[in-house]
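The values are calculated or read from the model by the stated rules, or taken from the named source; none is laboratory data. Computed from a predicted structure; not experimentally measured. So basically every Cβ, Gly included, is an ideal-geometry build from the backbone, and we count neighbours across all protein chains shown.
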Amino acid sequence: MKIPNYVIETAESIRIMEVRGASLIARTAAKVLKEAADDFRGKGKEEFIEYLREVARILLETRPTAVSLPNAIHYIMRGAERGYKRDFSLEELRDLVRERAETFIREAIEATERASSLAAQHIGKVQRIMTHCHSTAAVNTILKIAENRSRIIVYVKETRPRYQGRITMRQLSSYSNIEVRFIVDSAAAYYMKDVDVVIVGADAITPDGYLFNKVGTFMLAITADDFNVPFYTVAEHYKLAVDKKSWRDIVVEMRPIEEVIEPKELPNNVKVLNPSFDITPPSYLTGIITNKGIIEKPVTQHVAEFFSKFSMK
Ligand code: RUB
């Protein structure tokens, strides 16, 4: 069974974060699974399903925290496994994978767009926003809030150690009505008094209402709470960890120490801790805004009912 090189290469791009951000990772994985299905040159459906499982496994092993990645892969693979059990031909299975991957990509884009529209509508005409990292959903929401407004101000945190805040800063700076204030992470509390709302994305939202997002989100939520500033996460429904019970079932990815410091600069007895994400408890969330609706404060009271409406088919 020959796995195409681009599968390995894309998995590596995700691992080293050339491809990053939960929604893009999920769509990229779906696209690669589809291309791999198209390029399968082996014999028969038994070999095909084994090959797909292997491609899925390689993609799933890249980054462990964001659930949109497994939600994408499992959505496609559930269809393929069902078709295989029902004795579909190789060509029918290939079509099924193609169709499911295309559906996932289309729906994920539409879902992010819808979540952002809903968020902009719900948050309303705020003037000063703070955000963290680079999230498609958060940036889209900010752009929608800025639509038809002469001026809004956005505080963008640089987001050490990988500086994804620079992507957000550059993206927002191309809009003449958005004034970007680019700050180091530790300045967030100092500027919180000047902010009307905090908007971030999500890598995973668990059925007990916990938010997994870029490390620093939790500290930002605590700060916002202290200043009575509303704190929202915006996410498409593929970020819902529907097959988990609680936050305890999700692994926080630990990244290489080289992202933080040159190992040769380190004394022998120092250990570097570099979690990629952190976990914000529901009590700090003013709302979880998704394309399927809003989980309002108190999130702990509303989240279970919201999740009960979902199953990823
Ligand atoms: C990115 C990050 C983003 C979410 C949401 O982390 O935490 O806030 O993934 O992004 P990393 P989006 O840079 O480590 O991938 O809304 O684009 O899915």
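Identify the single condition in (1) touching a residue at least 24 places away in the same chain (Cβ under 8 Å); (2) within 13 Å of the ligand (Cβ to nearest atom) that P256 does not satisfy, given that it satisfies every other one.
(1)
Could you check S89 against (1) buried (at least 19 other Cβ atoms within 10 Å of the Cβ); (2) of a type in the set (S, T, N, Q); (3) not assigned by TED's automatic domain parsing to the domain that holds D225 and say which number it fails?
Against the list (1) buried (at least 19 other Cβ atoms within 10 Å of the Cβ); (2) of a type in the set (S, T, N, Q); (3) not assigned by TED's automatic domain parsing to the domain that holds D225, S89 comes up short only on (1).
In this structure, is T233 more than 14 Å from the ligand (Cβ to nearest atom) and touching a residue at least 12 places away in the same chain (Cβ under 8 Å)?
no
Which residues, taken from region 117-143, are away from the ligand (no atom under 11 Å from the Cβ), in a helix (DSSP H, G or I) and surrounded by fewer than 24 Cβ atoms within 10 Å (Cβ to Cβ)?
S117, L118, A120, Q121, H122, I123, L143 - these are the residues of region 117-143 that are away from the ligand (no atom under 11 Å from the Cβ), in a helix (DSSP H, G or I) and surrounded by fewer than 24 Cβ atoms within 10 Å (Cβ to Cβ).
Residues to consider are A224, A189; find the one that is among the hydrophobic types (A, V, I, L, M, F, W, C) and either more than 16 Å from the ligand (Cβ to nearest atom) or over 25 Å from K292 (Cβ atoms) (or both).
The unique qualifying residue is A189.
Considering only residues of region 236-250 that are touching a residue at least 60 places away in the same chain (Cβ under 8 Å) and farther than 29 Å from I142 by Cα, which is nearest to the ligand (Cβ to nearest atom)?
Looking at the filtered set, the residue picked out is K244.
Which of the residues spanning region 87-108 are of a type in the set (K, R) and farther than 23 Å from S23 by Cβ?
R94
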